[in-house]
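Below you'll find the structure, written out as structure tokens, and then a few comments.
The values are calculated or read from the model by the stated rules, or taken from the named source; none is laboratory data. Predicted model, so just to flag it, every value in this text is computed and none were measured. FYI the Cβ positions are ideal-geometry reconstructions off the backbone, even for glycines, and counts take in every protein chain you see.
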Ligand SMILES: Nc1ncnc2c1ncn2[C@@H]1O[C@H](COP(=O)(O)OP(=O)(O)OP(=O)(O)O)[C@@H](O)[C@H]1O
Ligand SMILES: [Mg+2]
């Protein structure tokens with residue numbers, strides 16, 4: 001009798017334990033579903049806001065900002081003859097019109113979309129002085145230098161401003177003396193300098209404050225990715241100067257950040273212009289990062305050498321200061337002109353590297369996240385991530401520094417699952433840090449889903465066509481999928497045993513243990529040895545994303561270590577309730593040049609000549625950057641049109657640049673034509689491209705290159 005009772009009790013207890021486990025799994029699932037529910041609701045709201053805007057429901061479209069305005073012809077004249085810009089980009093004209101009409105405006109426009117023109121042009125058109133708040137000294141210096149080169153009276157008030165210039169600015173503000181149209185300041189000036197604010201008030205009282213612009217406005221919001229405390233106080237500007245139009249501009253702002261900005265800057269009735277986050281000219285690619293020695297450096301060096309042989313600018317982002325120095329050194333040893341940039345260098349050394357790169361005297365900057373917001377170089381052709389970023393937002397920002405001039409550019413990310421714990425041990429204490437990182441990891445691990453789709457989903461925007469501008473859309477081959485359920489169960493049992501013995505393992509240690517177990521148990525577990533080390537790493541990370549495993553962190557005096565342990569869904573794997581599939585891709589695809597980017601082909605002889613000319617002219621024009629003399633787009637245009645007289649040239653690049661550099665440009669083009677190079681150039685171009693393509697087709701049989709070969713030969 002007693003034994004029967006005992007037996008039943010054991011059964012009941014076992015069943016109860018099972019029920020408890022199931023409840024735990026269900027509660028955990030419920031929590032995740034609640035989280036996802038609120039995420040999706042927020043996303044839906046953002047999508048609605050976006051669609052409303054696109055269908056003309058917001059104030060921006062309800063009032064027609066694209067109609068005709070009295071300043072149209074003056075605006076067109078300045079746009080073309082001063083800025084050398086032949087047509088407006090999306091929303092620019094409308095934003096300018098709203099601002100000229102005296103309205104407050106919120107502008108969300110992708111990096112490189114052309115936000116500066118939206119406040120610089122009205123600043124010139126309106127009477128008086130425009131105040132521009134910008135967060136970084138380097139950004140301000142860059143802009144003032146560029147405007148001065150265009151003959152626009154611009155000044156700045158920062159810690160580096162000389163006493164003489166400061167006096168000039170104060171006189172201009174207070175008494176309207178001297179010529180000043182655009183004044184740049186850092187936010188500290190507004191929050192800390194009473195003297196400045198009182199002069200600004202005098203300027204306003206005399207009716208000379210034409211507009212206020214807050215650039216990089218996301219810095220106002222704690223929800224943005226780069227909050228700056230001094231931006232918090234900028235609300236005072238609208239309070240003090242309620243009738244002066246205020247523009248707030250940023251490249252990225254979720255719905256939450258937008259609402260926050262409108263509140264903080266006190267512009268509740270502003271006209272809002274939200275442009276797409278899509279950067280159609282960027283080709284996104286994730287490359288498998290080898291764990292072997294310096295293979296990744298060899299690959300990066302080879303990529304730069306083959307794809308960008310004419311010193312085209314690029315950035316390589318690294319995880320740490322040490323890695324950044326190491327990678328720069330290794331690239332130099334492989335013949336690439338590169339230098340490092342990180343926060344621990346002194347300001348002078350950093351500026352020197354930045355300027356050298358901006359003047360095209362250095363091809364590649366190898367930087368940490370510290371190489372950030374101040375980058376204004378329009379012709380960055382590639383951004384390579386040596387390891388993954390901590391979130392999708394950070395990656396969008398960093399990769400977005402490529403192709404600001406709108407020309408095809410490439411964004412490569414070298415991903416190795418073994419890099420995940422380096423990031424997770426840094427971000428786990430941040431609000432939603434791990435969740436953001438895991439979204440980034442999902443992006444990296446995905447071998448099927450369009451890379452752009454991930455950005456649209458993240459920023460709550462309706463999907464748009466990728467046009468084959470990411471690896472997953474372009475190469476389109478079905479990646480191999482293997483059933484890794486057995487491997488997953490080996491990993492889970494290993495970890496459970498370790499947990500019972502109070503042991504821990506990092507991802508890399510766990511991979512080794514799985515391999516050892518495979519050897520020890522010989523035939524019965526031989527299946528675990530059929531996955532490469534990299535595949536096992538990938539599997540472990542995938543199990544973390546699927547919550548079969550989880551990361552745990554332990555602090556030491558020097559670092560925080562990340563370990564993997566069993567997660568809420570571990571039993572499902574052991575009980576055979578979860579099928580684990582692993583997508584495997586071959587490392588060979590790493591060397592493929594982005595299809596559309598390859599279409600760009602190499603620079604023509606005339607382009608190279610004009611590039612040299614802009615470098616020479618920039619060095620004799622008070623140190624402005626080459627792209628301020630002629631943009632890469634203008635060089636392409638000139639090389640196609642080959643104008644041979646000043647009138648033709650003026651129609652292409654406007655009055656101001658023609659007056660300044662016209663005769664030298666025409667000389668260069670005429671010399672080029674009379675040297676008989678154009679024909680040679682054409683032949684060489686076609687031949688070289690044909691060779692490149694056939695070489696690629698020969699070496700990479702597994703890669704679809706049909707589209708690129710045809711198009712390249714046609715060019
Ligand atoms: N309508 C246009 N046509 C051609 N080029 C343009 C046009 N508008 C701006 N540009 C050029 O695009 C580049 C990027 O412009 P800008 O610096 O204003 O970008 P941004 O939107 O402020 O980007 P970021 O968020 O990175 O600061 C500049 O080289 C600028 O001259
Ligand atoms: Mg900008």
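Assorted remarks:
- The criterion of being surrounded by fewer than 23 Cβ atoms within 10 Å (Cβ to Cβ) and touching a strand residue (DSSP E or B) at 6+ places or on another chain (Cβ under 9 Å) does not hold for residue 295.
- Any hit, the stretch 368-389, residues being farther than 30 Å from residue 159 by Cβ, touching a strand residue (DSSP E or B) at 6+ places or on another chain (Cβ under 7 Å) and within 16 Å of ligand 2 (Cβ to nearest atom): no
- Residue match in the stretch 152-162 (condition: crowded, with 23+ Cβ neighbours inside 10 Å and either assigned to a helix (DSSP H, G or I) or within 14 Å of ligand 1 (Cβ to nearest atom) (or both)): no
- Annotation note: of 408, 417, 421, the sole residue that is out of contact with any strand residue (DSSP E or B) (no Cβ under 6 Å at 6 or more places or on another chain), in contact (Cβ under 8 Å) with a residue 60 or more places away in the chain and surrounded by fewer than 24 Cβ atoms within 10 Å (Cβ to Cβ) is 408.
- Note on the stretch 85-117: residues that are crowded, with 24+ Cβ neighbours inside 10 Å and more than 14 Å from ligand 2 (Cβ to nearest atom) total 6.
- The stretch 138-169, residues that are within 28 Å of residue 243 (Cα to Cα) and touching a helix residue (DSSP H, G or I) at 6+ places or on another chain (Cβ under 9 Å): 143, 147, 152, 153, 154, 155, 156, 157, 158, 169
- Of all residues in the stretch 280-299, those that are within 12 Å of residue 327 (Cα to Cα) have Cβ atoms under 6 Å from Cβ atoms of residues that are assigned to a strand (DSSP E or B) and modelled with pLDDT of 90 or more, 6 or more apart or on another chain, in 296/414.
- A Cβ distance below 7 Å, combined with a sequence gap of six or more or placement on separate chains, defines the contacts here; from the stretch 109-120, residues that are farther than 16 Å from residue 134 by Cβ reach residues that are in a loop (DSSP other than H, G, I, E, B) and within 8 Å of ligand 2 (Cβ to nearest atom) in the pairs 110/251.
- Scanning the stretch 108-144 for residues that are over 26 Å from the mean Cα position of the chain (by Cα) and away from ligand 1 (no atom under 14 Å from the Cβ) turns up 124, 125, 126, 127, 128, 129, 130, 131.
- The stretch 246-273, residues that are under 19 Å from the mean Cα position of the chain (by Cα), within 16 Å of ligand 2 (Cβ to nearest atom) and not in a loop (DSSP other than H, G, I, E, B): 249, 250
- The test for being touching a residue at least 24 places away in the same chain (Cβ under 8 Å), more than 16 Å from ligand 2 (Cβ to nearest atom) and farther than 21 Å from residue 430 by Cβ holds for residue 239.
- Residues that are surrounded by fewer than 22 Cβ atoms within 10 Å (Cβ to Cβ) and either within 16 Å of ligand 1 (Cβ to nearest atom) or under 23 Å from residue 461 (Cβ atoms) (or both) do occur in the stretch 228-248.
- For the stretch 163-222, the tally of residues that are over 37 Å from the mean Cα position of the chain (by Cα), part of a loop (DSSP other than H, G, I, E, B) and either touching a residue at least 60 places away in the same chain (Cβ under 8 Å) or within 16 Å of ligand 2 (Cβ to nearest atom) (or both) stands at 2.
- In this entry, residue 314 passes the filter for residues that are more than 30 Å from residue 98 (Cβ to Cβ), in contact with a helix residue (DSSP H, G or I) (Cβ under 8 Å, 6 or more places away or on another chain) and either assigned to a loop (DSSP other than H, G, I, E, B) or at pLDDT 95 or above (or both).
- Residue in the stretch 118-131 that is within 16 Å of ligand 2 (Cβ to nearest atom), surrounded by 20 or more Cβ atoms within 10 Å (Cβ to Cβ) and more than 24 Å from residue 253 (Cα to Cα) present: yes
- Those residues of the stretch 447-466 which are part of a loop (DSSP other than H, G, I, E, B) and either within 19 Å of the chain's Cα centre (by Cα) or free of Cβ contacts under 8 Å to residues at least 40 places away in the same chain (or both), in sequence order: 449, 450, 459, 460, 461, 463, 464, 465, 466
- Residue check for residue 354: touching a helix residue (DSSP H, G or I) at 6+ places or on another chain (Cβ under 8 Å) and either outside any helix (DSSP H, G or I) or within 30 Å of residue 460 (Cα to Cα) (or both): no
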